[in-house]
Structure formats: C-alpha cells, structure tokens
Amino acid sequence: MDRLTAEKKILELRNEIDRHNRLYHVEDRPEISDQEYDQLMRELRDLEDLFPDMVTPDSPTQRVGGEPLPYFEKVVHKSPMLSLGNAFGADDLRDFDRRVKSALGNQQVRYMCELKIDGLAISLHYENGMFVRGATRGDGTVGEDITQNLRTIRSIPLRLSRPLTLEARGEAYMPKRAFEKLNKEREERGEALFANPRNSAAGSLRQLDPKIAASRQLDTFIYGLGELVGETVESHSEGLDLLESLHFKVNPERRVFDDMEDVIEFINGWTVKRPELPYEIDGMVIKVDSYAQQQELGFTAKSPRWAIAYKFPAEEAVTVLEGIEVTVGRTGAVTPTALLKPVSLAGTTVKRASLHNEDIIREKGLLIGDHVVVKKAGDIIPEIVAVLPERRTGNETPFAMPTHCPECGSELLRIDEEVALRCVNQSCPALAREGMIHFVSRQAMNIEGLGEKVIAQLFESGLIANVADLYDLHEKRDQLLQMERMGEKSVDNMLAAIEGSKENSVERLIFGLGIRLVGAKAARVLAEHFGDIDGIMNASEEELTQIDEIGPKMAASIVSYFSLPQSREIIDRLKRAGVNMIFKGARTVEGIDSPFAGKTIVLTGTLAQMSRTEAEEKIALLGGKVTGSVSKKTDIVIAGEKAGSKLEKAEKLGITVLDEAAFLALLEESKE
Ligand code: IVH
C-alpha cells in the first residue's frame, strides 16, 4: 500500500475506533461486537507497523505505551483543586441555601445537584484538543503526573472532537463489578485484598507500571471545567453540556433545581436508589449553577462557598448472625468473630465481623440467629452496630464463650485486668500456626505464596512444626506436591520465596519471631542498634532500656524470650539454614515503589483506621522516617481528624499533606 492510501486508511480507522470506543465506554450503547472492534484495532496496528512514523500519541493503539516510570513527576495545578464543605442532613442544606442567598442579596439561585462519586479526583489537560497531561489532586496545590495511567482509561478521550485547550476535572473510580472481580482474583492468588473500590482505584492509578492500571478496568465521570481557553460558558450546567459534547463521560444523573426543597427530595430519592448503581457514591454535590454567582460567592480557605457535599449516612445492612466462631491468635488471645449471612455492604460482601471480646456480645445482648444491623467502621471494617430484638422468633440461642481452648483444650485464663481470654499453653498448636503465619507475613519475612491456608495445610500435614522447618521444606518437594492445590509451579515459587527470604535484613526476622511487645518499629530500632541478632540475644535488660525507644516491659520480654532454650534452638537452626542475621542498613524495603522511602514524615491528628504506632511502623517498614515536628525538611504530613497547628504549618510551608484515605491508599498500593 502506498503512503497516501495508508494515511487515509489510518485516519479512517482511528475515527471509527474512537467512535466505537465512545459508544461503548462513554455512552453505553455499543454498535459492534468485541470481535469486530478487535478486528478494527488489528487493522490499525498492522498499518501503523508498516508506517511507524505515522503513529501519533492520540492513536487508540497508544493507550498503553510506555515503560514503567521510576517515580511520578509533580504537577502544580493551575488553580487549586479544592475540597467541599459537608452537609449531613436536610437542615444543613437549608442553612447552605440561606447562606448563599444572603450573600447574594437574595437573588434567585439555581442549584445543580449531582452524584458524589467515590473515587479519586483527577485533572485532565488538553492542548488544541490533545490529551497532554493528567494528574491526581495531591494536596490540592501539587498533584502527581499520572498521564500514562490515565491514558489507559477508555472513557478518557485522547483527542477531543474540537481542538480546544482546557482542563477537565472529575473522578476516576472502579465500578463495583470490576472491584469484585479484581478482589476475587487477588484472593485466588493469595494476595492482599483491597478494602473498597475507592482504595483499589487509588492504588491502581498510583502504579508506576501503566500495564497494571490498564488491567484494572477503571472508569471516569467528569464533573467540571478547570480552565477553558477561547470560549465562554455562563454556567456549570452549560459547562457540563460542553464537556459531554466533547465526548467526556459526564454523569447523566444530574439535575438543576430552583428550590432547595426539591434538591432535598431528589437526594432522598438517591438515598434509596443508591445501592442499585453500578458504582459507589458517598453523597451528592450541590452547586450554585451560575458562574457569575459562583464568582460573587467566592471561596473560604479550603472550599468554595458556592458548593457543598451532602454525605450519606454510613451504609448499613440487616443480616442474620448465623454463628460465632472463636479463634486463638498468636499471642493466645481468644477472639470471637460473628459469622454473618453474606450481605452486600458499601462495595463488598460481608460475611464476618469482629466482636473483639466477650463483653461486646454481652453488652449488645447478641443471640445466635438474631437479625443484626452491620455497618463498616470508617467504611472499611465490618461491625455489628445493633440487634433487632423485634425480629426474634424464639428460636435464637444464647452464646457462651468457651472455657477451654478450641484448639488444645487447655483452660482459658484472663490475665490481669485484660478483657480477652487467653490460652496460655505454650505448645498449643494454634499459637505455633498463627506465629508462623505472622513470620511469613508481609511486614515480617515477606514470603510470598505462603498464605494462611497453605501454612495451615503444611502444619496439619506435619510438614512444619516451627518456623525453622520452613527452611527444610526444599527437601520435601515430593510431599509438597501431594498436597491439595499444589502444582509444580506453586511449589517451586514457594520454595524460591522461602530461599529468597534468607537475604532479608535482620529486623524482619526479629519482628517475625513474634516476641511479645516487639512490633516492626522496635525490631528495626533493635537491629539498627545492635547490628546483628547475637547482640540482641545477649543484651541485658539494662542495656536494652538504654535505647531510646525500648521501655522496661519490652526489654523484659526480649530477655525472657531469648532465655528460653527453644528460642535459641530456633535461631541456631535458622543460622545453619543460612538465614541472614545482620542489619543491612537503611532500606527501601519495597524498592523504589514505596512513596515513603527516604522521606521524612509527620503524623498529626487522629487516624480512624489504625493507631499512631501502627502507622509509624508501617511507614518505617516502607523506608520512611517519622518525626515529631513539621519543618522545611518534612516531606509529607499525614493529617487525621482534628489536625491542628502542624497541619497549618505544613500548609504554610507548602508541604504535601495526605488525608487518611490517601495515606491508606498509598499503603495499600505499597503492598502490591
Ligand atoms: S465538585 C471545588 N462534583 O468529592 C470542588 N466533586 O471534596 C469541586 N467528587 O475530591 C468538586 N463527585 O473529587 C464535585 N460530582 C462531583 C463529585 C466531586 C465526587 C469528589 C471530588 C473531591 C471531593 C469533594
């Protein structure tokens, strides 16, 4: 084929493919089958192979182009990406309406009401109609350049139908079905699950390798214009219509109202219909429609005065408490877990809820067979919030906490003032098994392919009895192959992962041993201070308490652990197997992929999902350094609820601030 014909054909194919792409991914009304679409793509790819100089960045073949990035570049937003004030009920909305009208001298106001998509904010830049750059919101002022990942999202046009220069802002999200599929696959591969679609969308877009984002079926809704060059629109609703005409995906469930009472009615409707949507929403957004009025209203320090987010109450569901399972953890603590009739709640299927301890069961008066109300605490961890006694039939049965260990039968004790019952039998199989699960876990020896189920299987079949036995498993390959669901490949991967763990720096081992009170952070402090395991093993309580972060209780626990002959024997066997026993120096454990590696981080305010110590440990494990006060040297501030002066200082110094959701998303992603 000659150049001219090829060029013409290439342009035709691109237009045709763009159109079908739009029909499928934006308008949800495909005209051709997947096979026909693939055929068009193949034709285009073949032609572009013949004439490589005709490949342009907006070609549909270029959605996944690049190689993995070493890190994300920073992008300064042209105008800050603000957040919204919250309304928690109809009265808050009426107050908002009054504020708006009084500030506008009682002008007539029209409101646009939209769904508040639960994903992460993105900004998309187009120059002369070409998609040139996409970024996360970041701290509102500075975000990260995630263009490569955004290009893989099919609902984002690579080229607009007109050569406009503009910035579109919106939300990237993962539809419920894609989320369920992804978690199912991760479960099958023994990988950590994402807590909700929002975290998985954030985690996917923060991948340095665009191929991962491409595999994640992300989608977008565009909800506003950041900038528009050369044209003017008078109102937000016109802006959305323009964006729609340019083939952005704009949510159709939007409406303009003249009266706040009608807005409230519209919202009430969505409170009921919300679970039917194929994606998660966490509220509604109400915006003054006229741009002139928006301008007149202006902004507070953090958010526009012309818009507000109505937050739905945390989603709750009613289900049946089918039973209570009692499990023994690695410290011997016995915890009851509610077994629930599976129920769909805020993006996941909930089957279990922790009951923490016996007191909670008593306080709530729970009976087996009861109808219970469940919600997700902080939208992540399922929790029983209430019992519905009016739904009892008389067939419910009380639950009694066992008096003896469900695994070894020895009597359970309550130590000191603790609420939890404990199995204190040091040879209880549960302790050994759970201890091993801890040993191989990500924060400890990080041995992949050895999930809870496999450990339990190995343990029950007698192939391992303690952690040192793991390093003899390579001699038992044949027996491993006999086990259920263990093919050649999984066995070899597992053995390779065990072998690889020998190279870990020693703090992983120290943490993995499960010495009481020694968390990941303390393990690192010990490793850094002593340099190797022998130093720690032979240290006295006095020596240990000399170290800043080691208190007397922890020191006593360490000495007591290493005074046991069985502990020393395990260490000896691990040494003989070739497990590294020295501190390998400052690390970026998860490689360059960790956004915390080498960074100085300050935590402020209260985190809902984890204690401050836990957060510090996690950051330290990912190579970050946590300090107490904000200065110019601080790289990141993580701000929980009620963050005060440190947050202010950070904002003044222009330091990146992450809220808890963003922090969790980064942790989630670092686990990959
Ligand atoms: S408008 C000036 N509209 O909610 C603020 N935001 O705090 C412009 N969001 O992170 C935001 N759906 O990403 C707007 N229809 C919608 C939205 C929406 C979700 C997110 C947004 C931001 C947060 C607001």
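The values are calculated or read from the model by the stated rules, or taken from the named source; none is laboratory data. Everything numeric in this text was worked out from a predicted model, so none of it was measured. Note that we place each Cβ from the backbone using ideal geometry, even for glycine, and neighbour counts take in every protein chain shown. The protein model used for the area step is the full one, side chains on, heavy atoms only, and it has no ligands, DNA or RNA in it. Shrake-Rupley method; radii C 1.70, N 1.55, O 1.52, S 1.80 Å.
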Taking segment 487-496 on its own, how many of its residues are over 30 Å from Ile536 (Cβ atoms) and either surrounded by 16 or more Cβ atoms within 10 Å (Cβ to Cβ) or acidic (Asp, Glu) (or both)? 4
Scanning segment 1-15 residue by residue, the ones that are open to solvent by 40 Å² or more (accessible area, probe 1.4 Å) and over 16 Å from Gln62 (Cβ atoms) total 9
Considering only segment 599-672, give the helices (runs of 4 or more DSSP H) lying wholly within it that have at least 1 residues that are within 19 Å of Lys521 (Cβ to Cβ). 612-621, 660-670
Being among the acidic types (Asp, Glu) and under 18 Å from Arg137 (Cβ atoms), is that true of even one residue in segment 643-657? yes
Residues being in a loop (DSSP other than H, G, I, E, B), surrounded by 12 or more Cβ atoms within 10 Å (Cβ to Cβ) and either under 32 Å from the mean Cα position of the chain (by Cα) or not aliphatic (A, V, I, L, M) (or both) - total across segment 410-438: 4
Positions within segment 305-326 being hydrophobic (A, V, I, L, M, F, W, C), within 16 Å of the ligand (Cβ to nearest atom) and assigned to a loop (DSSP other than H, G, I, E, B), in sequence order: Trp306, Phe312
Go over the candidates Glu484, Glu499, Glu507, Glu503 one by one and state the one that is assigned to a helix (DSSP H, G or I) and open to solvent by 20 Å² or more (accessible area, probe 1.4 Å). Glu499
Checking Ala465 against (1) part of a helix (DSSP H, G or I); (2) open to solvent by 50 Å² or more (accessible area, probe 1.4 Å): exactly one of these is not met. Which one? (1)
For Leu193, state whether it is within 26 Å of Glu660 (Cβ to Cβ) and open to solvent by 40 Å² or more (accessible area, probe 1.4 Å). yes
Give the number of residues within segment 48-62 that are open to solvent by 20 Å² or more (accessible area, probe 1.4 Å) and touching a residue at least 60 places away in the same chain (Cβ under 8 Å). 2
Going through segment 330-341 one residue at a time, which ones are open to solvent by 20 Å² or more (accessible area, probe 1.4 Å) and either at pLDDT 95 or above or outside any strand (DSSP E or B) (or both)? Arg330, Thr331, Leu339, Lys341
Every residue from segment 439-455 that is modelled with pLDDT of 90 or more, assigned to a helix (DSSP H, G or I) and not β-branched (Val, Ile, Thr): Phe439
How about segment 66-125: which of its residues are within 16 Å of the ligand (Cβ to nearest atom), more than 23 Å from Leu166 (Cβ to Cβ) and open to solvent by less than 40 Å² (accessible area, probe 1.4 Å)? Gly85, Ala87, Leu93, Phe96, Val100, Tyr111, Cys113, Asp118
Kindly indicate which of Arg29, Arg137, Arg42 is modelled with pLDDT of 95 or more and open to solvent by 70 Å² or more (accessible area, probe 1.4 Å). Arg42
Options Gly585, Gly578, Gly598: the member that is at pLDDT 90 or above and at positive phi: Gly578
Between a residue in segment 110-123 that is without any contact (Cβ under 8 Å) to a residue 60 or more places away in the chain and any residue that is open to solvent by 10 Å² or more (accessible area, probe 1.4 Å) and of a type in the set (Val, Ile, Thr), which pairs come within a Cβ distance under 8 Å, given they are 6 or more apart or on different chains? Ala121/Thr136
Scanning segment 216-275 for residues that are polar (S, T, N, Q) and within 32 Å of the chain's Cα centre (by Cα), the one surrounded by the fewest Cβ atoms within 10 Å (Cβ to Cβ) turns out to be Asn268
Among the candidates Asp34, Asp118, which residue alone is modelled with pLDDT under 95, within 27 Å of Arg19 (Cα to Cα) and within 34 Å of the chain's Cα centre (by Cα)? Asp34
